[in-house]
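The next block holds one structure in the form of structure tokens; read it before the comments.
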Amino acid sequence: MENEFYNRLEKKGVSRRDFMKFCTYLTATMGLSSSMVPKVAEVFAAPKERPPIIWLNFGECTGCSEAMLRTMYPWVDELVVDLLSIEYHETIMAAAGHQAEEILYASAKKYKGKFVCVVEGAIATKYDGAYGKIGGKTFLQIGKEIIPQAAAVVCMGTCACFGGIQAAKPNPGGYKGVGDALGVKTLNLPGCPPNPVNLIGTVVNYILLGKLPALDNLGRPLFAYGKTVHDQCDRRSHFENEEFVLEFGSEEAALGYCLYKVGCRGPETYNNCPTAKFNGGTSWPVQAGHPCIGCSQPNFWDQMTPFYKEM
Ligand code: FSX
Ligand code: SF4
Ligand code: F3S
């Protein structure tokens, strides 16, 4: 089975070495010791179980799915699709209309108490949820019918976790994060969009160790959200000595000036962007020259704006 897996990867132009590099990166992001790399590789190469997933989309922009499906190494999306048994996902499924809705309810029934519900987007709660509907049903109604049947609920993105832009003032629809809207406990992976490696890390943790990772009081896995962006930022030496003018050609100059004065919210934002980075470890906002806007914090549209103004 393992050989078959590596042959399949090779056909896509991915060597065993590339794959092991990805597993090393994932293991480090999960906060596990490097001795676990072969075990992590095995989760993909010789999967023992494929947890059924029902993926719901509510009030959001689908950036979270896009982040998952497009921006990692091009082959990682396939690894993830192979690792999970995705029963329902509006963006990638072939079915449409009534057929798609039937699949949703049939899979929730078939895998009752066993499936993991991944949710993208916030839920409108005022006026019986009238501010958000799919196929004539409100998000609120769909959430109430499907989510309580799941073994675990994973909120993918700030909108599902805390309401995101939908919940920004004046919020006429009464949008809330999934946990608040339905009164259920959720595992939260905030970020607008969130980093897909943190979802993969959460799932691999679940398969490998048989449990969800340790969470903080906002339901966020500590391996990813245990430290502030600022604590892990490369530009801290400049933050600590702001009078310091970067010497042309120096190592600090290559990293760039601290962006605190142009509104960086790194000091109050919990996320692993500086270490996990995006696009398979290529870059992250500050490295690309943009201040952190605090996209993974609750109420960030209300609390972190105006952007580009010093805190
Ligand atoms: Fe929200 Fe995700 Fe931002 Fe967009 O689904 S976290 S608006 S990237 O797409 O929910
Ligand atoms: Fe902190 Fe932002 Fe400055 Fe980095 S750029 S050191 S995160 S304030
Ligand atoms: Fe978001 Fe800040 Fe990371 S804006 S992507 S939490 S650097």
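The values are calculated or read from the model by the stated rules, or taken from the named source; none is laboratory data. These numbers come from a predicted model, not from an experiment. Quick reminder, even Gly has a Cβ in these numbers, built from the backbone with ideal geometry, and neighbours come from all protein chains shown.
Taken together, Pro213, Pro190, Pro221, Pro194 contain a single residue that is in contact (Cβ under 8 Å) with a residue 24 or more places away in the chain and away from ligand 3 (no atom under 16 Å from the Cβ), which is Pro213.
I'm trying to understand the selection: among the residues of the stretch 278-289, which are out of contact with any helix residue (DSSP H, G or I) (no Cβ under 9 Å at 6 or more places or on another chain) and within 15 Å of ligand 2 (Cβ to nearest atom)? Correct list: Ser283, Ala288, Gly289. Does the stretch 150-158 contain any residue that is buried (at least 23 other Cβ atoms within 10 Å of the Cβ), of a type in the set (Gly, Ala, Ser), assigned by the TED database to the domain that holds Gly63 and farther than 17 Å from Pro298 by Cα? Yes - at least one qualifying residue is present in the stretch 150-158. Assessment of the stretch 183-191 against the conditions (at pLDDT 95 or above, closer than 19 Å to Asn57 by Cβ and within 16 Å of ligand 2 (Cβ to nearest atom)) yields at least one matching residue. Filtering Val178, Val204 for residues that are more than 16 Å from ligand 2 (Cβ to nearest atom) and in contact with a Cys (Cβ under 8 Å, 6 or more places away or on another chain) leaves a single hit, Val178.
Across the stretch 179-193, the number of residues qualifying as within 16 Å of ligand 1 (Cβ to nearest atom), under 23 Å from Lys144 (Cα atoms) and outside any strand (DSSP E or B) comes to 5.
Looking only at residues in the stretch 168-187 that are within 21 Å of Met304 (Cβ to Cβ) and surrounded by 24 or more Cβ atoms within 10 Å (Cβ to Cβ), the one that is nearest to ligand 3 (Cβ to nearest atom) is Gly177.
Considering each residue of the stretch 276-294, count those that are within 6 Å of ligand 3 (Cβ to nearest atom) and under 15 Å from Asn198 (Cα atoms), and give that number. Total meeting the criteria: 1. Scanning the stretch 22-39 for residues that are over 28 Å from Leu215 (Cα atoms) and touching a residue at least 40 places away in the same chain (Cβ under 8 Å) turns up nothing. Restricted to helices (runs of 4 or more DSSP H) entirely inside the stretch 194-311, those with at least 1 residues that are away from ligand 1 (no atom under 16 Å from the Cβ), under 28 Å from Gly177 (Cβ atoms) and of a type in the set (Ser, Thr, Tyr) are 196-209, 273-276.
Where helices (runs of 4 or more DSSP H) fall entirely within the stretch 37-130, those with at least 1 residues that are in the same structural domain as Ile146 (by the TED database) and within 16 Å of ligand 3 (Cβ to nearest atom) are at 63-70.
If the condition is being within 11 Å of ligand 1 (Cβ to nearest atom), hydrophobic (A, V, I, L, M, F, W, C) and within 22 Å of Leu212 (Cβ to Cβ), then the stretch 150-177 contributes Cys155, Met156, Cys159, Ala160, Cys161, Phe162.
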